[in-house]
Amino acid sequence: MIKKITIEYKLIASIDLLEEEDKNLLHKAMEATNNAYSPYSKFNVGCAVLQADGNITTGTNQENIAYPSGLCAERVAIFSASSLRPNVPIKSIAIVAKNRHKRFCEAMPCGACLQVLSEYEQKFKQKIKIVAYSNNGTVLIFDGVNKLLPFAFASEFV
Ligand code: THU
């Protein structure tokens with residue numbers, strides 16, 4: 001039996017059309033791209049995490065000469081938010097990249113980052129909205145991690 005799933009997401013034509021909260025978060029992620037440590041890829045990723053108390057924590061990719069030792073911007077941001085305010089639910093995360101030509105470009109959370117985001121959804125029993133800058137200034141919005149990782153590994157499996 002073959003089963004199919006459909007991924008529902010919003011395509012917003014430009015940042016200016018976002019709801020204020022999402023727009024502000026994406027702007028914070030854009031600013032953060034300047035703080036990336038990406039001497040090897042020259043690909044700066046910036047993220048901003050919004051918690052339920054209104055606090056925003058940013059994160060950027062941190063690379064290392066021993067390549068696997070680096071970390072994606074999403075995990076830097078979410079681990080940092082969780083370290084600072086461990087009991088405050090995470091509402092949303094905005095993601096954007098800046099390429100080697102210093103132009104904003106598309107970025108999507110990798111599989112490992114999605115799994116980490118999924119952990120905090122389970123912890124707080126609340127969906128995390130993903131706001132991802134996409135091609136030509138458009139923005140994609142996913143209402144919850146399961147839109148991108150529908151078969152996430154979960155605590156009930158263990
Ligand atoms: N990177 C992120 O920070 N987030 C992603 O979602 C994908 C990739 C980083 C890892 C590496 O430092 C650079 O982008 C190029 O892959």
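The values are calculated or read from the model by the stated rules, or taken from the named source; none is laboratory data. Here the structure is a predicted model, which means the values were calculated and not measured. Using ideal geometry, Cβ is built from the backbone for each residue, glycine included, and neighbour counts are taken over all protein chains shown. Please note that ligands, DNA and RNA were not included when accessible areas were found on the heavy atoms of the full protein model with its side chains. Shrake-Rupley method; radii C 1.70, N 1.55, O 1.52, S 1.80 Å.
If a residue must be without any contact (Cβ under 8 Å) to a residue 40 or more places away in the chain and open to solvent by 30 Å² or more (accessible area, probe 1.4 Å), how many such residues does region 106-120 contain?
So the count comes out to 5.
If I ask for residues that are under 15 Å from P89 (Cβ atoms) and either at pLDDT below 95 or buried (at least 18 other Cβ atoms within 10 Å of the Cβ) (or both), which ones from region 131-146 would you list?
Once the filter is applied, which keeps residues that are under 15 Å from P89 (Cβ atoms) and either at pLDDT below 95 or buried (at least 18 other Cβ atoms within 10 Å of the Cβ) (or both), region 131-146 yields only V145.
Residue by residue through region 1-50, note down the ones that are charged (D, E, K, R), more than 12 Å from A132 (Cβ to Cβ) and over 13 Å from the mean Cα position of the chain (by Cα).
K3, K4, E8, D16, E19, E20, E21, K23, E31, K42
Looking only at region 60-97, count how many residues are within 17 Å of A132 (Cβ to Cβ), of a type outside the set (V, I, T) and out of contact with any Phe, Trp or Tyr (no Cβ under 8 Å at 6 or more places or on another chain).
7
Which of (1) within 13 Å of the ligand (Cβ to nearest atom); (2) open to solvent by 10 Å² or more (accessible area, probe 1.4 Å); (3) of a type in the set (A, V, I, L, M, F, W, C); (4) under 20 Å from G46 (Cβ atoms) does L149 not meet, given it meets every other one?
(4)
Quick check, is A32 touching a residue at least 40 places away in the same chain (Cβ under 8 Å), farther than 30 Å from A154 by Cα and of a type outside the set (S, T, Y)?
In short, yes.
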